[in-house]
Structures are given as C-alpha cells and as structure tokens.
1. Would you mind telling me which residue in S194, S89, S18 has the biggest mean-square fluctuation in a Gaussian network model of the chain, where springs connect alpha carbons within a distance under 10 angstrom?
2. Which order do the peptides 20-31, 52-63 take when ranked by the mean count of other beta-carbon atoms within 10 Å per residue, highest first?
3. With point charges of +1 on the Cβ of Lys and Arg and -1 on the Cβ of Asp and Glu, referenced to the Cα centre of the stretch 192-279, which listed residue (F224, A234, P261) lies farthest in the positive direction of the dipole?
4. Can you give me the convex hull volume of the Cα atoms of the stretch 31-70, divided per residue and expressed in Å³?
5. Can you give the three extents of the C-alpha atoms in the stretch 1-159 along their principal axes, from longest to shortest, in whole Å?
6. Whole percent per 5 Å bin, from 0 to the bin with the longest distance: what is P(r) over all C-alpha pairs of the chain?
7. What percentage of all Cα-Cα pairs in the stretch 129-279 are separated by more than 22 Å?
8. Let me spell out the model: positive unit charges on the Cβ of Lys and Arg, negative unit charges on the Cβ of Asp and Glu, origin at the Cα centre of the chain. What dipole size does that give, in debye rounded to 20?
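FYI, it's all coordinate maths here, none of it is from the lab. Only a predicted model underlies this, so the values are computations on that prediction, with no experimental measurement involved. All Cβ positions, glycine included, derive from the backbone under ideal geometry; neighbour counts span all protein chains shown.
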Amino acid sequence: MAIGYWNQVQAAGFEVPSDRPLDDLTAELTTMLGSTDPEVRDGTAYPALATWIERGVYDDLLIGLGDGMVAGLGVGLGERGTDTVFRRSFSALVLAECLSRDNEQHLLPGAKVMEWGDRIAVWFLDEQDARGFVPGKGWAHAVAHGADTIGALAGSPHLAGPEHAVLLDVLAERLLQQPADEPLASGEPDRVASATMKVLRRNTLGTDVLEPWIHRVAAAGNPFRGPVDDDPFAPTATAQAFLRALFVHLSLAPDPPLVRPDLLLVLIDALRMSNAPYL
C-alpha cells in the first residue's frame, strides 16, 4: 500500500484498520521495517506494531508475531554496510515489545521465551553492522536495539539468576568485540548500560558474579597497560564509555538494585585502575 494509507492510520491514532485482514496489515508492516526510508520504518511501521502490541491486538497471536521478528534477525546477517541492517535491527526492537508485553500479561510459555532469547543472543553477537545513524536513511542502531531487546528479556519471569548472568556476558562480549576503528558513538554504551540495569534490578546476582564481570570489561578498557606501538585509546574506547555510562546509571537510578552500594565501589575501583594517570 502507498505510504498515504499508513499516514491515515497514523493520523487516526493507529487504530487497526477494518478494511483489511490483520495478517495482511502485519505482513506489510513487517516488510516496511526493512525500508531505507525512516518515515516508513521509524515513523510508521515500528510505532504501528508497537502500539498494537501494547494495546493487546496481538495477545492471541504473539508467538507468531515474535517468530516473524526472530526470522527477521537473520535477514542478511553477516553483511556490513548494506540496507539489510534495518530489517534486522527493527525486528529486534519489535521483538523487545513482544517480550515486554509478555512480561506484563504472561502470554508466552517459558520454552518460547528461552528460544527467542537464544536467537537474540546469537544475532546480537553475530551482527556485523554497528552503524548508528546512516545519512539519508536514518537510524540503523543494531547494537542499541539489541541491548533494548536483551533488557526486555531480562524482565521475563521465565529467567532467573543463571540466565541473567548469561545476558550480562552477552552484553560484555558485544562491547569487547567492537572493532577499534568503529567505536560505538551513537549512544550505544548508555543503551547497553540501561540493559545492564534491567538485569541488575532483578536482584538475582551478587558481587561474586558481578565483580569479575566488571573487571573483565575494565581490563579491555584500560589504555595504560604498558608500551604500545599504536593509539591505545581507540581499542579501549567502547569498554571505557560503557563503564562510565554504567557508573552514571547506577549512581542516579531512582530505583536501584539492592547491590548498588557494593557495585559502585567495584565500579569506582575499576575506573581508577583503567584511568590511573588521572585518578
């Protein structure tokens, strides 16, 4: 359908049109998630699907919708600098909405949530296109959207401490594998920190797990580890940005996890060690 049709839907507050089957509308919106036009993708397809999920339109169809988004994570996976990133990235964002709806309404079996979680983690670590804003095409933001999805997954009642530890490892690995010549510079460290906070707020992990996790990231974010032949700040920038972002999120959170006092001390120690000449 022409974008004019969807503009009318948007103007009507995203009421579900009655002139076409929901399956057809969903299929079209799913295709639109991969559009290179930000008005179509960000301005229409994503908010329409997110609104209908929030309003319960898909409550009886949530498994099928989520499975479709999981399939979208594999479209062009492994490519860099191509337009397929939009379908993957925005499929992840809609999948986060599906998970958030389930967290509130308990619509999905645990096995399905775990299956989606496995697929999310594989995609997030295999995603090769970490561009943030693409001139002329808008936000790709796969790392940010992936972090949002993991944050939604962390809120699932089907996950407990062992799964939460795995989610933190996935977030750390995503940060540590970021190429030095492609620093995350479009707010991604804060989005990963936000996802981390959602894991921490579940209050299932203690400092015995979190302290080595923090120091693993800090070791990769320390540019002062001895003589080097190249710029040491480039390969450590992403990890360092995350540590600082997490410190801010943890310090200012109005609803902090129980572990905040101890974890702040661990973070301060990690930041001091990785910024020794300044601190």
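1. With Cα springs under 10 Å in the chain, the top fluctuation among S194, S89, S18 is at S18.
2. Numbers: 20-31: 14.7, 52-63: 16.5.
Top of the packing list down: 52-63, 20-31.
3. P261
4. Cα-based convex hull of the stretch 31-70, divided per residue, equals 57 Å³.
5. 39, 37, 19
6. 1, 6, 12, 16, 17, 15, 13, 9, 6, 3, 2, 1, 0, 0
7. The proportion of pairs with Cα distances above 22 Å equals 39 percent.
8. Details: 21 positive and 38 negative charges, 121 e Å.
Taking the Cα centre of the chain as origin, the dipole is about 580 debye.
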